[in-house]
1. Do the conditions hold for SER180, that is, is it small (Gly, Ala, Ser), open to solvent by 20 Å² or more (accessible area, probe 1.4 Å) and not in a loop (DSSP other than H, G, I, E, B)?
2. Which ones in the stretch 131-156 are open to solvent by 50 Å² or more (accessible area, probe 1.4 Å), farther than 20 Å from TYR264 by Cα and at pLDDT 90 or above?
3. Name the pairs: first residue in the stretch 206-218 and over 13 Å from PRO257 (Cβ atoms), second residue open to solvent by less than 100 Å² (accessible area, probe 1.4 Å), Cβ to Cβ under 7 Å, at least 6 apart or on different chains?
4. For the stretch 204-227, give me each residue that is surrounded by 15 or more Cβ atoms within 10 Å (Cβ to Cβ) and in a helix (DSSP H, G or I).
5. Do you know which residues across the stretch 43-101 are modelled with pLDDT of 80 or more and aliphatic (A, V, I, L, M)?
6. Are any residues in the stretch 232-254 small (Gly, Ala, Ser) and either surrounded by fewer than 18 Cβ atoms within 10 Å (Cβ to Cβ) or within 17 Å of ARG170 (Cβ to Cβ) (or both), and if so, which ones?
7. So, in the stretch 32-62, of the ones that are buried (at least 17 other Cβ atoms within 10 Å of the Cβ) and more than 17 Å from the chain's Cα centre (by Cα), which residue ends up nearest to ARG274 (Cα to Cα)?
Amino acid sequence: MKRKIICLIAVMLFLQAAIFAEQEDTSVEIGISVNWTFGCYKESTFSSISQGFLAPRFQLDTVINSKSFIHKITMDYFFARPQSAMTKTSVVYKNYDPVSGETYYEGFESNLMFHKICVRYDLNYKIASNEKMDFAVGGSFSTDAYLQFSHYPSITGLFSLGPSCSFDYRFDDKNSLSVSGGIPLVGFGVRPPFAGCDAQLMKYAEENFMKIFTLGKFLSLHNYQSIFVDCDYKVQAGRLFTLGVGLGFEYSRIAVPKEKPLYYLDGSFKTFGRITF
């Protein structure tokens, strides 16, 4: 199933690239990167800080340069089996028997898994451009999902919108440096108040999936802070092919509910290849 989804996404990006490449004064780049991350996160509804070093992260993106506009679509997937106190020993928790109405204690060994999925669209406008550099500002729209699976799942989904910018500097015909980043300012998110899908969320998912959005909350700087920055060094390996390495940084804090926020901090080293049309 995962392979089918990845293949479908790749086909869609290639078709999009082919359509835009036919337009005048337009260039299209398709890039695939593999990142190795070093970071941590804290899902305070469930566990203390968890760390995952050298966990893989995959990105597929399309960059469309159309006159003074730069369109960028990024699909990002991160997976880790992070280490924490809960994964090193058995955990005892208090459970409830709905038949007898009594509570009891039960122990289990946590098999913690963490996933982060992001689809982001950036639209920037070049406000300064010459033979050596391009500087563009604009905005980005992002859809993010944070998924933690252990004895019970904890799933957070959000939509956000905020300013973004990009800077490209060309040292010569073959070497260039790119820096891009953004700060989401407003959004809308759905996050259970504890680790697990609560009864109301599960009921809505069974009746009508769209009703889940009625459980969401408005997000802004008072309960959601986030920043992402990417720095890439690219080498032209052929007329249409580029290789490169880069560094990435991302931080997010989602305080919904306010008393039990989710923290995500990640730095990554990546290698990538790009095809230009």
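1. Yes, satisfied.
2. Those that are open to solvent by 50 Å² or more (accessible area, probe 1.4 Å), farther than 20 Å from TYR264 by Cα and at pLDDT 90 or above: LYS132, PHE135, VAL137.
3. Every condition considered, the pairs that remain are LYS211/TYR204; ILE212/VAL190; ILE212/LEU201; ILE212/TYR204; ILE212/ALA205; PHE213/VAL190; PHE218/PHE188.
4. Answer for the stretch 204-227, where residues must be surrounded by 15 or more Cβ atoms within 10 Å (Cβ to Cβ) and in a helix (DSSP H, G or I): TYR204, ILE212, LEU215.
5. The answer is LEU54, ALA55, LEU60, VAL63, ILE64, ILE70, ILE73, MET75, ALA80.
6. So the first thing to find is which residues in the stretch 232-254 are small (Gly, Ala, Ser), and the list is 237-238, 244, 246, 248, 252.
Within the stretch 232-254, ALA237, GLY238, GLY244, GLY246 meet the criteria.
7. The qualifying residue nearest to ARG274 (Cα to Cα) is SER50.
The values are calculated or read from the model by the stated rules, or taken from the named source; none is laboratory data. The model shown is predicted, which means the values in this text are computed figures rather than measured ones. Positions of Cβ are backbone-derived with ideal geometry, glycine not excepted, and every protein chain shown enters the neighbour counts. Remember, those area values only see protein heavy atoms, side chains included, never the ligands or the DNA or RNA. Shrake-Rupley method; radii C 1.70, N 1.55, O 1.52, S 1.80 Å.
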